Amino acid sequence: MSDGRTASRILAILAAVLVVVAVGGLLVTVILNAFVLNNFKAYGEVRIPGESTVYLPAGEVSVNFHTQVIGSTSGTGLPLPPLRLSVTPPAGVADPTVIESFGATTTVNSDAYRRVWLMRVPAEGGYRIAVDGQVNGFIDPRLAFGDDASVDWPLWLFAGMALAGVELAVLAWWLRRRHGHASVADLGDPYIPSDEGVQLEQLKTIAALRDSGALTDAEFAAEKRRILSRR
């Protein structure tokens, strides 16, 4: 009995610890990915429409639509206008590979950006970037070239921890409920008075009524005979 109560309490504590650690880990991972690991304009920006030379390292480069916003973009995200991108590599270098890869919107104060492409750069150097698009209505629109070093595996890890915490909490609740039912069952059947006990209580009641004057002696005698006749 006490073992079940102890197990339920331990599981509840473990569930609470897992959920708190998971929620904290998720928040820290999201913040690190958004503001530390992902420098969305590390290598420079090109105004839209516009043309400029951007020095890019070899490897993968994120290409992000960057604009100023008024209010919040939460819920709907940053809408992406139709954009046209042209990349001219340095002499003797192959063209970079550009892959469409839409990302989530990140907003810091009035700055909002969203990944549009991933560019695989074959060699470091100055790349001539030309960009155009239907950007009427956007405030200071730019194309930003950055380093996306964000990691996703901690998100899955902490999400799994949160799910495990919820499952442990359900198990603790089930053990506590089961323990409660067992405690009630251990009490046995409720007491059911016998016929003699009922009659004795009735006789005590009419005697008290007679002593208080609510019943006459004749009425008391008649009620007493009626009660005793039920045997």
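The values are calculated or read from the model by the stated rules, or taken from the named source; none is laboratory data. Just so it is clear, the model here is predicted, and its values are computed rather than measured. Cβ atoms come from the backbone with ideal geometry, glycine included; neighbour counts cover every protein chain shown.
Observations on the structure shown:
- Near pairs, Cβ below 6 angstrom, 6+ apart or cross-chain, from region 110-121 (crowded, with 16+ Cβ neighbours inside 10 Å) to any residue that is modelled with pLDDT of 95 or more and among the aromatic types (Phe, Trp, Tyr): ARG114/PHE65; VAL116/PHE65
- The single condition from (1) surrounded by 17 or more Cβ atoms within 10 Å (Cβ to Cβ); (2) more than 35 Å from the chain's Cα centre (by Cα) that LEU143 fails is (2).
- Selection from region 210-231 of residues that are part of a helix (DSSP H, G or I) and exposed (fewer than 15 other Cβ atoms within 10 Å of the Cβ): ASP211, SER212, ASP217, ALA218, GLU219, ALA221, ALA222, ARG225, ARG226, LEU228
- The single condition from (1) at pLDDT 90 or above; (2) among the hydrophobic types (A, V, I, L, M, F, W, C); (3) over 20 Å from VAL87 (Cβ atoms) that ALA12 fails is (1).
- Scanning region 24-74 for residues that are modelled with pLDDT of 85 or more, outside the structural domain of PRO96 (by TED's automatic domain parsing) and hydroxyl-bearing (Ser, Thr, Tyr) yields a count of 0.
- Complete set of residues in region 176-231 that are hydroxyl-bearing (Ser, Thr, Tyr) and modelled with pLDDT of 75 or more: THR205, SER212, THR216, SER229
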